[in-house]
Amino acid sequence: LAERAQETDKQTNQWDITIDELCTRIIARRQPAASDLRMIVAISKASNDLERIGDEAARIARHAENLVQEGESPFGYAETRHIGALIREMLNSALTAFARYDTELAYQVVKKDKQVDDEYKSAMRALVTYMMEDPRSISRTLNIIWVLRSLERIGDHSRNICQHLIYLVKGINVSHSSLKQIKKTLSDS
């Protein structure tokens with residue numbers, strides 16, 4: 001699975017390049033305005049976030065290979081499974097929201113990113129404590145920490161995809177907005 005994830009990343013990189021070239025060509029040849037231009041920009045940005053998600057998945061695969069070689073860590077897998085499940089749900093919802101132009105679902109994904117960030121911080125504290133108590137576990141635990149970091153980044157990219165969708169539908173960039181500001185943006189129209 002780890003090898004397949006790394007191979008898939010190469011294809012994802014190629015798709016990102018192709019989508020970027022197509023978006024650039026559409027802008028140059030058709031000179032779209034207003035909502036059409038927003039659609040192209042949102043698709044281009046979402047494509048970039050998906051490519052970066054692929055990079056993080058490949059990174060997780062490399063750390064999984066390291067864990068297989070070093071032997072299992074007795075600590076950290078429950079946290080990884082839990083955060084992984086949250087991230088899987090976020091990414092699935094982000095893609096569904098984008099496909100359906102569902103800004104309410106997009107908002108729910110943006111909101112869930114805060115929960116993921118809190119879970120990530122909690123897991124990091126527990127793993128650092130574990131390494132301090134058992135220094136022999138540092139190498140294995142660091143691999144788990146890097147996996148958790150990649151999962152957290154995938155959550156951030158999922159959130160970004162939803163922010164691009166809100167920009168597409170509402171015409172307002174919410175990239176640096178608070179949850180309260182995003183909710184107001186969605187209810188103002």
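The values are calculated or read from the model by the stated rules, or taken from the named source; none is laboratory data. Quick caveat, the model's predicted, so the values are computed rather than measured. Cβ sites come from the backbone with ideal geometry, for glycine too, and all protein chains shown count toward neighbours. Protein only, heavy atoms only, side chains kept; ligands, DNA and RNA dropped before computing areas. Shrake-Rupley method; radii C 1.70, N 1.55, O 1.52, S 1.80 Å.
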Mind checking whether some residue in the stretch 67-75 is modelled with pLDDT of 95 or more, buried (at least 18 other Cβ atoms within 10 Å of the Cβ) and of a type outside the set (A, V, I, L, M, F, W, C)?
no
Is there a residue in the stretch 36-49 that is open to solvent by 70 Å² or more (accessible area, probe 1.4 Å), under 17 Å from residue 161 (Cβ atoms) and acidic (Asp, Glu)?
no
Given (1) closer than 20 Å to residue 154 by Cα; (2) buried (at least 17 other Cβ atoms within 10 Å of the Cβ); (3) over 20 Å from the mean Cα position of the chain (by Cα), index of the condition residue 58 fails:
(3)
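Residue by residue, here is whether (1) surrounded by 18 or more Cβ atoms within 10 Å (Cβ to Cβ); (2) closer than 14 Å to residue 75 by Cβ holds:
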{"position": "111", "(1), (2)": "no, no"}
{"position": "123", "(1), (2)": "yes, yes"}
{"position": "133", "(1), (2)": "no, yes"}
{"position": "140", "(1), (2)": "yes, yes"}
{"position": "143", "(1), (2)": "yes, yes"}
{"position": "148", "(1), (2)": "yes, yes"}
{"position": "154", "(1), (2)": "yes, no"}
{"position": "167", "(1), (2)": "yes, no"}
{"position": "182", "(1), (2)": "yes, no"}
